[in-house]
Amino acid sequence: MPGVTDSQWARLTAWVHGRVQGVGFRWWTRARALELGLVGSATNRPGSRVEVVAEGPREACEKLLAALRSGETPGHVDHVAEQWSDPKGGLTGFMER
C-alpha cells in the first residue's frame, strides 16, 4: 500500500468466545475486514470460539478488533482475547474457514 511503511503494518490474532458459531459471525467478520482492506481468515475452533487472523495497516486491525468487541456482531460475544505480531505476509483475500 503506497505511503504505508512496514512498521505501520500488523498481524492481529483474535480469539472470540461466546455464541459465535452458526450465527453468521464469520461472514460478518469477513465483510468488516474487507471493508477495512484487511487480509486473513475467520475460522471456527473448538469450545465455541472463532479465531480471527487479520493483516494490514495497524489502524485498520484496531478498527476490526473494536468491531469484534462492539456488541453489534451476530450471536453473542462473551470475550475477545488478542495477540499482536509482525505480519507474515502471503495472505490474499479474507476467508471463512
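The values are calculated or read from the model by the stated rules, or taken from the named source; none is laboratory data. As the structure is a prediction and not an experimental result, all values here were calculated from the model. Note that each Cβ is placed from the backbone with ideal geometry, even for glycine, and that neighbours are counted across all protein chains shown. These area figures cover heavy atoms from the full protein model, side chains too; ligands, DNA and RNA do not enter into them. Shrake-Rupley method; radii C 1.70, N 1.55, O 1.52, S 1.80 Å.
Mind checking the dipole of the chain: about its Cα centre, +1 per Lys or Arg Cβ, -1 per Asp or Glu Cβ, Debye to the nearest 20? Please report the intermediate quantities before stating the final value.
Values: 12 positive and 11 negative charges, 62 e Å.
My answer is approximately 300 debye.
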Among bridges DSSP assigns within the chain, what percent are antiparallel (round to 5)? 90 percent
Just grab the label-to-label distance for R97 and Q21, each label 7 Å out from Cα along the Cβ direction, in nm (one decimal). 1.5 nm
If you build a Gaussian network model of the chain, linking Cα atoms that sit under 10 Å apart, which residue out of P57, P46, P87 swings the most? P46
Consider all pairwise Cα distances in the stretch 38-90 and report the whole-number % of them above 12 Å. 69 percent
Proximal charge balance of Q21 [Cβ under 10 Å; K/R count +1, D/E count -1]: +4
Could you give me the radius of gyration and the Dmax of the chain, taking only the C-alpha atoms into account and expressing both in angstrom? 12.6, 41
From the phi of every residue in the stretch 42-56, what ³J(HN,Hα) in whole Hz does the Karplus formula 6.51 cos²θ - 1.76 cosθ + 1.60 yield, where θ is phi - 60° and glycine or proline is x? 10, 10, 5, 10, x, x, 6, 10, 10, 9, 10, 10, 9, 10, x
Pairs of alpha-carbon atoms within less than 8 angstrom and 6+ residues apart define the contacts here; what relative contact order does the stretch 25-97 have, in percent? 43 percent
Choice from G47, G56, G75 showing the highest fluctuation, given a GNM over the chain with Cα pairs closer than 10 Å: G47
With unit charges on the beta carbons (Lys and Arg positive, Asp and Glu negative) and the dipole taken about the Cα centre of the chain, which residue among G22, G37, V50 sits farthest to the positive side? G22
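Using a 1.4 angstrom probe on heavy atoms only, work out the carbon and sulfur share of the accessible area of the stretch 47-97 in %.
On the way: 1300 of 2920 Å².
Carbon-and-sulfur percentage of accessible area, whole number: 44.
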Highest GNM mean-square fluctuation among A42, A31, A14, for the chain with Cα springs under 10 Å, belongs to A31
In degrees from 0 to 90, rounded to the nearest 10, what is the angle of the helix 25-35 Cα long axis to the longest principal axis of the chain? 20 degrees
Accessible surface, the chain, averaged per residue in Å² (probe 1.4 Å): 56 Å²
